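Written below as structure tokens is the structure these notes are about.
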Amino acid sequence: MREIEKVIKPAGLYRIRARRIKNIAEDLVEKYDGKIKILKLPYDEVKKKLTSIKGIGPKTADVFLMAIKGEQVLPIDVHIFRIMKRLGIAGERDNYESLRAKLESEIPPKQRTKTQY
């Protein structure tokens with residue numbers, strides 16, 4: 001676990017995140033024999049499988065699918081949610097999926113490119 005901590009330390013909260021990464025990796029090995037063949041499944045199915053793993057929520061799954069699988073999805077974080085709320089786009093009953101759908105309905109897939117690192 002110390003190796004994981006060392007690599008992710010600059011991102012902050014490295015001890016908590018390292019533990020989560022380790023648990024996620026163990027779940028992947030246990031549930032899927034360590035292979036990520038589930039990526040061949042359609043978006044909804046692979047997202048459901050990813051979010052069934054403790055420590056992976058909808059945003060994390062979307063970020064992973066966007067970066068690794070190239071899905072044209074727009075993950076919503078707390079900052080985007082706040083902006084949408086201030087602009088009157090997000091309401092009290094909105095959740096992650098409804099906000100993502102609203103945002104994606106306004107931005108064509110061709111303009112949803114992943115960030116180059």
For the stretch 1-28, how many residues are closer than 18 Å to ALA61 by Cβ and more than 17 Å from the chain's Cα centre (by Cα)?
1
Across the stretch 61-78, what is the total count of residues that are more than 9 Å from the chain's Cα centre (by Cα) and among the acidic types (Asp, Glu)?
2
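Could you grab me the full set of residues in the stretch 1-50 that are under 22 Å from LEU74 (Cα atoms) and either loosely packed, with under 10 Cβ neighbours inside 10 Å or modelled with pLDDT under 90 (or both)?
ALA11, ILE36, ILE38, LEU39, LYS40, PRO42, ASP44, listed by residue number.
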Tell me, which helices (runs of 4 or more DSSP H) wholly within the stretch 1-110 include 1 or more residues that are of a type outside the set (Gly, Ala, Ser) and in contact (Cβ under 8 Å) with a residue 24 or more places away in the chain?
14-32, 43-51, 58-64, 96-106
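Would you check if LEU74 is modelled with pLDDT of 90 or more, within 28 Å of PRO109 (Cβ to Cβ) and aliphatic (A, V, I, L, M)?
It is true that LEU74 is modelled with pLDDT of 90 or more, within 28 Å of PRO109 (Cβ to Cβ) and aliphatic (A, V, I, L, M).
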Do you know which residues across the stretch 51-78 are over 19 Å from ARG17 (Cα atoms), surrounded by fewer than 16 Cβ atoms within 10 Å (Cβ to Cβ) and of a type in the set (Val, Ile, Thr)?
ILE68
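The values are calculated or read from the model by the stated rules, or taken from the named source; none is laboratory data. Everything numeric here is computed off the predicted structure, so don't read it as measured data. Here the Cβ is made from the backbone with ideal geometry for all residues, glycine too, and neighbour counts use every protein chain on show.
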